[in-house]
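The values are calculated or read from the model by the stated rules, or taken from the named source; none is laboratory data. Keep in mind it's a predicted model, so treat the numbers as computed, not measured. When we count neighbours, we look across all protein chains shown, and the Cβ atoms used for this are built from the backbone with ideal geometry, even at glycine. Accessible surface is based on the protein model in full, side chains and every heavy atom, while ligands, DNA and RNA are left aside. Shrake-Rupley method; radii C 1.70, N 1.55, O 1.52, S 1.80 Å.
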Amino acid sequence: MLNRLFLVIQSVLLLLLAILATTAHAGSDKTYRVRGSVIANEVLSDVSELPTRARVVVNGGEHTGFIKSDGSFAVENVKAGDSLLEISSADYAFPKVHLRISIKDDGKASIAARYVQIGSEWSESAPVLAYPLQMSAAQKYEFFTPRQGFNIVAMFSNPYMLMVGASLLGIFVLPKLQANMDPEALKEVQNKS
């Protein structure tokens with residue numbers, strides 16, 4: 001009888017422990033939506049100029065979101081903790097943002113976003129950005145450089161042109177120098193060769 005009671009109590013305790021473990025685990029799997037918008041500035045004067053292939057990427061592609069024509073975006077299923085948010089665009093460079101999603105005591109999430117430099121530590125001393133995020137382009141990529149015009153100084157500073165100039169100098173100037181030489185010195189030079 002005592003063994004049976006002990007077995008029932010042990011089963012109930014294991015059941016309660018399993019229920020607590022699954023509820024704690026289910027709470028850690030909760031995901032969040034990160035919202036924001038791309039705003040116009042002097043680099044990107046109109047948000048509709050952004051190519052349709054521009055994406056908002058979290059943690060290098062773990063989660064992605066699309067940028068709408070009005071510039072707004074949302075990235076779904078981002079877990080609590082630290083993440084790196086970046087806007088991937090072939091035409092514009094955007095700053096990267098460190099996201100820290102934490103759970104408050106009342107169960108609500110808070111998002112702290114800070115600009116970050118790649119290759120440096122994620123610092124808490126950087127100012128916190130307003131939420132929903134407002135991202136603006138830092139620069140426009142320039143893939144083509146304009147062709148340089150004709151420059152005579154650059155042409156004559158080329159090593160090949162310097163060699164051609166020295167050769168022409170030897171061909172045209174040295175005979176003139178020999179013609180102006182003293183006849184005795186000319187005979188002496190011819191005898192040596």
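A few notes on this one:
- For region 82-123, a residue qualifies if it is of a type in the set (F, W, Y) and either at pLDDT 85 or above or closer than 19 Å to I39 by Cα (or both), and the qualifying residues are Y92, F94, Y115.
- Any hit, region 87-102, residues being free of Cβ contacts under 8 Å to residues at least 12 places away in the same chain and assigned to a strand (DSSP E or B): no
- Selected residue [open to solvent by 30 Å² or more (accessible area, probe 1.4 Å) and either in contact with a Gly (Cβ under 9 Å, 6 or more places away or on another chain) or among the aromatic types (F, W, Y) (or both)] from I103, I118, I111: I103
- Test: residue in region 127-147 that is open to solvent by 60 Å² or more (accessible area, probe 1.4 Å), more than 30 Å from D46 (Cβ to Cβ) and not charged (D, E, K, R): no
- Qualifying positions in region 66-86 - free of Cβ contacts under 8 Å to residues at least 40 places away in the same chain and assigned to a loop (DSSP other than H, G, I, E, B): K68, S69, D70, G71
- Only a single criterion out of (1) surrounded by 10 or more Cβ atoms within 10 Å (Cβ to Cβ); (2) at pLDDT below 65 is not satisfied by K30, namely (2).
- Checklist (1) open to solvent by less than 70 Å² (accessible area, probe 1.4 Å); (2) modelled with pLDDT under 90; (3) within 28 Å of S123 (Cα to Cα) applied to G36, failing item: (2)
- Residue match in region 134-146 (condition: assigned to a helix (DSSP H, G or I) and among the β-branched types (V, I, T)): no
- Qualifying residues in region 41-53 (those that are more than 13 Å from K140 (Cβ to Cβ) and part of a loop (DSSP other than H, G, I, E, B)) - the one nearest to the chain's Cα centre (by Cα): R53
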